[in-house]
1. If you take each beta carbon of peptide A:30-41 and count the beta carbons of other chains within 10 angstrom, what is the mean?
2. In 5 Å bins starting at zero, report the fraction of Cα pairs in the stretch A:147-214 per bin as a rounded %.
3. Between the helical axis of B:230-239 and the dominant principal axis of chain B, each derived from Cα atoms, what acute angle in degrees is found, rounded to the nearest 10?
4. Please compute, for peptide A:163-176, the average count of beta-carbon atoms on other protein chains lying within 10 Å of each residue's beta-carbon.
5. Per DSSP H run of at least 4 residues, take -39500 (n - 2.57); add these up for chain A, divide by its residues and hand me the 222 nm value, nearest 500 deg cm²/dmol.
6. If N is the number of residues in the stretch B:222-283, what value comes out of its Cα radius of gyration divided by 2.2 N^0.38 Å?
7. Taking amide H atoms as placed 1.01 Å from N in the peptide plane, list the residues 5 or more away in sequence, or in a different chain, whose amide H sits under 5 Å from that of residue B:183.
8. Could you check what % of the DSSP bridge pairs in the protein assembly as shown are antiparallel, to the nearest 5?
Amino acid sequence: MTASTSVPPTASPPPVSEPAARFRDLLASEWIKMRSLRSTPWTITLTTLFVIGSAAVAALADYNKLAGSGASTREPRDFLPFDAYPAAGYLTLMLVAGSIGAVTVVSEYSSGLIRTTTVAVPARGSVVLAKAAVTAALWTVVGTAIATGSFLVSQAILNGRHAGVPITHPGVLRALVASALLAPVCALIGLGLGVLIRHSATTVLTVAFTLLMLPTIFSRSERWSADINHAMPVTAWRRLVQNWPPDPESLAYTATVPGSWIVYVLWPLIAVALAVAVVRRRDV
Amino acid sequence: MIEVNELTKRYGDKTAVDRLSFTVHPGRVTGFLGPNGAGKTTTLRMILGLDAPTGGATTVSGVRFRGHPRGLRHVGALLDANQVHGGRSAAAHLSALARSNGIPPRRVDEVLREVGLADAATRRIGGFSLGMKQRLGIATALLGDPPVLMFDEPVNGMDPEGVLWMRRLFRRLADEGRTVFLSSHLMSEMENTADQLVVIGRGRLIAAESVRDFAARSTRLSVVVGTPLAAELAAVLTAAGASVEPEGSAGAEKLAVTGLPADRIGALALKNRIPLNELTTRTASLEEAFMELTADSVEYLAGEPR
């Protein structure tokens, strides 16, 4: 008998029978991940309450002002967009959606879970796309609920001074849609930056800086500077919510409505495309 | 079957893995040994497609692992038990992974039961001990019922009962015809668990052979002989070409003999009418063989494994 340590008899390995790889399985998987974190529903609930509350506060301020001015309550009023969609609430929503969008990927990198995920799904680009799709869907639902809620609450308050408008009023629907989509736009920008940066604190800081601080650096009095400013999501949102035409006498440049919609599309698209391109090349 | 061919990984000037080649066969437990920083984890990560090699290639069952759209049915891997999100429950963690690979949800309960975590299924992973996280990592690896399993330092943080359980599990997986590849720096664990060894040092291959062959490489293989006529026997053995070291205490003298097998020593003693009261072959432990071979890995560079 020969020494056979190098070639012992082996049973045949179990055969691999595999169902087709389906993208919707990845969506379901990311959805399980999203809803199995207790912080997700808490953050969403608190943000919703805060943003709707800020609309109530803004509307109450105008409610009191209208009482003091003694203005005729019979006269029909125009929509007061920044009562329904006050900056205090919606800039906060941008910050929260951007950060949570970033955290969905950064938490995988910081814990190392991304390696477990990548061994399970070696198609890395598909994982990023699935995360982006689930993030976009979740924040579109939340954003719509918040935008609708803050509109209804603010108008209910203003109705006390007969200053409320119905949802069919001109300009209301555009403001509502722009405010609802602000959340998924920012969440996707955060997700893209999260994949690029991977480090929690740095990512959240970059998201806050990019979304909120950067636009204030570029004034609207110079053409080139105004162009950059108009390319920012927060400027786009303001322009879409604002229901009065730009003042022709003003020295400042004003963003256009179609241009602002393009900003809404391009930012998340570029963020996610960059993220997909980078994960394919980089070591996990 | 895992095949690694001329695999190289450089980080700047530092070469973590240097033209490494070896094959891990199915039906056996293969240990992957090396001192800290030898490049074990980097090699495993390249096999799993997490890191791109600088040079060379690696395949699992003949296919580059990264080419699979879904991985759990091909390879089960535990790289680091802490690579989980502490905020999720064990069941949620496994459910998300199972779902991504189209694995039925009942499989989650099965693997949790198999690793003994059924009672902890709904608890947050953040509250798990390292041993429990290792069990969860093994459950993750088993989820897709894969033909190839890879574990990086699996016994870390396990209690003795857990180590025993794991050892039996690895044996069973290999007996089922699967490829089982374990990295460890715990030599004693490998001695009890592995059939084959792949030993690396400074990113280079030192040995790829059976555990028994590896242990036999040690120069410290010796035979202990007890005799009342120690001086006479020492002279006889030295004359026959052995090197002899005195051992034991006065009145119970022993000799540690290297260079002659036990049967030759016995025959020489009989021929010279020297009575023996002990004749024991002392095999070097895997630990000793390992220390010796990795002490200067460059020296053992020459031999190619195949």
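Laboratory data are not the source of any read-out in this text; all were calculated from the coordinates shown. This structure is a prediction, so every number in the text was calculated from the model and none was measured. Every residue, glycine among them, receives a Cβ derived from its backbone with ideal geometry; neighbour counts consider all protein chains shown.
1. Across A:30-41, the average partner-chain Cβ count within 10 Å equals 4.
2. 3, 15, 18, 15, 10, 11, 11, 8, 5, 2, 0
3. The helix B:230-239 is inclined about 80 degrees to chain B.
4. Mean shielding count: 0.
5. -23000 deg cm²/dmol
6. Against the empirical 2.2 N^0.38 Å value, I get 0.94 for the stretch B:222-283.
7. B:32, B:151, B:152, B:153
8. 65
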